[in-house]
Amino acid sequence: MAEWVESFEEYAQKLLSQAKITGAAVGLAKQGQMDYFCGFGLADDTEDALELTPDTVFGIGSVTKSFTCVAIMQLQEQGKLHVHDPVRKYIPELSTPNEDYTRAMTIHHLMTHTAGFPPLDSLVGAMKNSMLEDTANRTFSSGLQWDLDKAEAIETYDELLAYMAKLEYELLGAPGEHFSYSNDSYALLGIIVGRVSGIAYEQFVREHILEPAGMTNSAFLIEELPADAQVATLFTRKSPEEGGAVFRSPAWWDAPAMRSGGFLKSTIRDLLRYTELFRTGGLVGDKRLLSADSVKDMTTPYAPLTPFQSYGYGLMIGKDCHGGTLIEHGGAIKGVSAQIFTIPESDTTGAILMNVDGGPATDLMHGLLNEYRGQPAATPPFPYADYELSAERLAAYVGEYRSSEGANVTVEIEENGLVLKAMGGKLPLRAVGEDGFVFKRGETDSYIRFFRDEAGEISRMGFGFRQLPKVSVGKEQTV
């Protein structure tokens, strides 16, 4: 056993125990060959539960978004579209509150979350029918507050487009001006893949990505997996106010109109094959799925996320991280915590999958890469230095920030410092730049940014990579 393995696994066991994770699978490959795998916990909590293997199936959540972008790039290589084409060319019925902005939206804007959409509530409607069938649970640890009874059920692309057309909201700005993570943008990409290819989005992904890559245990629906596939049972957790207990919740949520944003299932072995795309410049084994130019386009840092990270096409790009360029993406939905990553300079790829939402996938990724390189697991991936900010200036940030997607965040002053209240917790904020702050989520610094309007007043907060409008000014508190 390599010396680093014992140290990493001790670190991982501690994090997983603290987060009450039932099962987690961790895999790392070097030059395309699996160099490390460990299954922590089991696939279920029953007496006959199986140990986790590289072929155990988990949900991957928004890791699906990179697959959607691979599909778009494949269609561009086939000459059937171009990423700078207007979205209206393929979805003429797309309507938003600003017709000029709608006409200016391109496929590129959708892929980079820069079309201007704020967080919308379409996803809960798209998942509603499957959530109603879930007798065990109808929330998950994202902290999003949903009124399922009032949500309008959305099953088809036509229903999604009609729903988006009648929503009342304000776009963040002209396309290309603002980044805000948007599941709706990726739903639109799924529509484009289907219309341009002439086959269903799911079928295109299966025939042009999963099958050529040899991803034999990956599918959008459990019933499409091989009969002998081992599938991890889903678990979720109660709210922090209820103690955060983890409990079995085996029903899978689905969103037929928005599968392109986050509903693929896969395994460690399959994802290690998939991530070869970004290590090799388009190859999985001897199969070329993308050209080197297309991979370069996907991994170009287009939209800044933090001082150290940007968004490409369905991938986050971190500069000077773990000895190279960290190309990665996470995923989360009920019963799912997922992470893929690639560092091309060191020929390293990896994947982390858990069957509980709210898991420390990002922390495990950084801990694994740190230990693999001979550094302590908790070494910060990005060096956020303190920024001097006078106490008088803190009041500008105080208030409540809310999105129609269900996020509700409050910023207050306590003991002459800012605190963020969200997801049932209270998190101290540390200034790291002009209008930029970080808070500790697990072992890793999470970055948030405040945005100002034309008058210089704070109008929105970037939280969870989404822009949340400021809806009220809160009260300062000193304790």
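The values are calculated or read from the model by the stated rules, or taken from the named source; none is laboratory data. Worth saying up front: this structure is predicted, and the values here are computed from it rather than measured. Positions of Cβ are generated from backbone atoms using ideal geometry, with glycine treated the same way; all protein chains shown enter the neighbour counts. Accessible surface areas use protein heavy atoms only, side chains included; no ligands, DNA or RNA. Shrake-Rupley method; radii C 1.70, N 1.55, O 1.52, S 1.80 Å.
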Q. Is it true that some residue in region 200-221 is at pLDDT 95 or above, more than 22 Å from Thr156 (Cβ to Cβ), open to solvent by less than 10 Å² (accessible area, probe 1.4 Å) and assigned to a strand (DSSP E or B)?
A. no
Q: Residue by residue through region 204-233, note down the ones that are more than 25 Å from Lys80 (Cα to Cα) and of a type in the set (D, E, K, R).
A: Glu223, Glu224, Asp228
Q.
Going residue by residue through region 223-243, is there one that turns out to be under 20 Å from the mean Cα position of the chain (by Cα), part of a loop (DSSP other than H, G, I, E, B) and not aliphatic (A, V, I, L, M)?
A. no
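If you scan region 412-453, which residues turn out to be of a type in the set (Val, Ile, Thr) and either assigned to a loop (DSSP other than H, G, I, E, B) or closer than 30 Å to Gln13 by Cα (or both)?
So in region 412-453, the residues of a type in the set (Val, Ile, Thr) come out as 413, 419, 432, 438, 444, 448.
Listed by number, the residues that qualify are Val419, Val438, Thr444, Ile448.
Just to be sure, is Leu326 surrounded by fewer than 23 Cβ atoms within 10 Å (Cβ to Cβ) and farther than 20 Å from Gly214 by Cα?
On the way: surrounded by fewer than 23 Cβ atoms within 10 Å (Cβ to Cβ): no; farther than 20 Å from Gly214 by Cα: yes.
Here the answer is no, as Leu326 does not meet what is asked.
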Q: Using the structure shown, decide if Lys30 is surrounded by 19 or more Cβ atoms within 10 Å (Cβ to Cβ) and within 25 Å of Leu290 (Cα to Cα).
A: no
(Q) Criterion first (within 28 Å of Lys30 (Cβ to Cβ) and either touching a helix residue (DSSP H, G or I) at 6+ places or on another chain (Cβ under 6 Å) or open to solvent by 40 Å² or more (accessible area, probe 1.4 Å) (or both)) does Arg279 satisfy it? (A) yes
Q) In region 6-27, how many residues are buried (at least 17 other Cβ atoms within 10 Å of the Cβ) and under 23 Å from the mean Cα position of the chain (by Cα)? A) 11
(Q) I'm trying to understand the selection: among the residues of region 391-429, which are out of contact with any Asp or Glu (no Cβ under 9 Å at 6 or more places or on another chain), surrounded by 14 or more Cβ atoms within 10 Å (Cβ to Cβ) and of a type in the set (Asp, Glu)? (A) Glu400
Q.
For region 295-305, give me each residue that is among the hydroxyl-bearing types (Ser, Thr, Tyr) and within 22 Å of Ser346 (Cβ to Cβ).
A. Thr299, Thr300
**Q.** Hits in region 371-390 (condition: open to solvent by less than 70 Å² (accessible area, probe 1.4 Å) and either aromatic (Phe, Trp, Tyr) or within 16 Å of Gly318 (Cβ to Cβ) (or both))
**A.** Tyr372, Gln375, Thr379, Pro381, Phe382, Tyr384
Q: Could you figure out which of (1) closer than 18 Å to Leu28 by Cβ; (2) among the β-branched types (Val, Ile, Thr); (3) open to solvent by less than 10 Å² (accessible area, probe 1.4 Å); (4) more than 18 Å from the chain's Cα centre (by Cα) isn't true of Ile340?
A: (4)
**Q.** Pick from region 33-61, criterion open to solvent by 20 Å² or more (accessible area, probe 1.4 Å) and among the hydroxyl-bearing types (Ser, Thr, Tyr), ranking: farthest from the chain's Cα centre (by Cα)
**A.** Thr46
